[in-house]
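> Got a structure for you, questions after.
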Amino acid sequence: MANAHLHQDSLSAAGLTGADLIESDLSGARLDKAKLPSVALREANLRDADLIDADLAGAQLFHADLRGAFLNGDNLDRAALTSADLRGANLSDADLRGAELANANLRGAVLLGANLQGADLHAADLSEAFLLPQQLAAARVDKETRLPAPVTPPLSTSTAVPPPPPPPPSAPSPSPS
């Protein structure tokens with residue numbers, strides 16, 4: 001099925017475990033709740049695709065075009081997304097544990113609530129991405145990883161709360177006349 005043209009097709013809840021969809025056009029397709037573990041989607045076009053709550057565990061998405069795709073709540077555990085284009089994609093609440101995202105473009109992607117534990121973000125571009133600094137605590141980043149301002153990699157996984165700011169100076173009391 002490599003090079004399949006499924007542009008804007010509806011494959012909701014489809015079972016395609018281990019399918020070969022290399023270089024396929026799935027742009028705008030509905031794949032919500034699809035079962036796609038270990039599927040080969042290298043260099044596939046999934047631009048603006050609806051993959052909400054899909055199972056892509058162990059999927060091969062090297063160099064895939066996922067710009068603007070909806071990946072909310074997806075299982076991307078151990079997925080290979082090396083050099084994938086995820087600009088503007090919604091990955092909120094996605095499970096990206098152990099995912100390979102080296103050299104991936106995540107500019108402007110929404111990653112709020114995503115689990116990045118053990119995710120490889122070496123040389124990934126996260127500039128303008130939406131995520132919390134603590135989400136990066138268990139991810140693997142390097143000096144070439146581009147982080148959104150003002151996010152900096154955490155120095156430890158400590159969840160210590162910073163001390164409160166000092167109270168404002170008290171106003172002088174009026175003097176009796």
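> Here are Ala109, Ala104, Ala57: which of them is buried (at least 20 other Cβ atoms within 10 Å of the Cβ) and over 19 Å from Val141 (Cβ atoms)?
Working: Ala109 fails: over 19 Å from Val141 (Cβ atoms); Ala104 fails: over 19 Å from Val141 (Cβ atoms).
Just one listed residue meets the conditions, Ala57.
> Hey, among Leu26, Leu56, Leu16, Leu21, which residue is aliphatic (A, V, I, L, M) and under 18 Å from the mean Cα position of the chain (by Cα)? Walk me through how you get there before you give the answer.
Details: Leu26 fails: under 18 Å from the mean Cα position of the chain (by Cα); Leu16 fails: under 18 Å from the mean Cα position of the chain (by Cα); Leu21 fails: under 18 Å from the mean Cα position of the chain (by Cα).
None of the other options fit; the residue is Leu56.
> Report, by residue number, each residue of the stretch 22-51 that is β-branched (Val, Ile, Thr) and surrounded by fewer than 19 Cβ atoms within 10 Å (Cβ to Cβ).
Our first condition is that a residue be β-branched (Val, Ile, Thr); within the stretch 22-51, this holds for 22, 39.
The answer is Ile22, and nothing else.
> Cβ-Cβ under 6 Å, sequence separation 6+ or interchain: first residue in the stretch 14-32 and more than 11 Å from Leu51 (Cα to Cα) and among the acidic types (Asp, Glu), partner part of a loop (DSSP other than H, G, I, E, B) and modelled with pLDDT of 95 or more. Which pairs?
Listed by first residue and then by second, the contacts come to Glu23/Glu43.
> Quick check: anything in the stretch 68-81 surrounded by fewer than 20 Cβ atoms within 10 Å (Cβ to Cβ), touching a His at 6+ places or on another chain (Cβ under 9 Å) and under 24 Å from Ala149 (Cα atoms)?
Checking the stretch 68-81: not a single residue is surrounded by fewer than 20 Cβ atoms within 10 Å (Cβ to Cβ), touching a His at 6+ places or on another chain (Cβ under 9 Å) and under 24 Å from Ala149 (Cα atoms).
> For the stretch 26-74, which residues satisfy the criterion of being closer than 18 Å to Leu116 by Cα and of a type in the set (S, T, N, Q)?
Gln60, Asn72
> Looking at Asp77, Asp53, which one is in contact with a Lys or Arg (Cβ under 6 Å, 6 or more places away or on another chain) and at positive phi?
Asp53
> Exactly one condition in (1) over 27 Å from Asp25 (Cα atoms); (2) open to solvent by 40 Å² or more (accessible area, probe 1.4 Å) is not met by Arg97; state its number.
(1)
The values are calculated or read from the model by the stated rules, or taken from the named source; none is laboratory data. For clarity, every value in this text was computed on a predicted model and none was experimentally measured. As a convention, Cβ positions derive from the backbone with ideal geometry for all residues, glycine included, and neighbour counts pool all protein chains shown. Side chains are part of the model used for accessible areas, which takes the heavy atoms of the whole protein and leaves out ligands, DNA and RNA. Shrake-Rupley method; radii C 1.70, N 1.55, O 1.52, S 1.80 Å.
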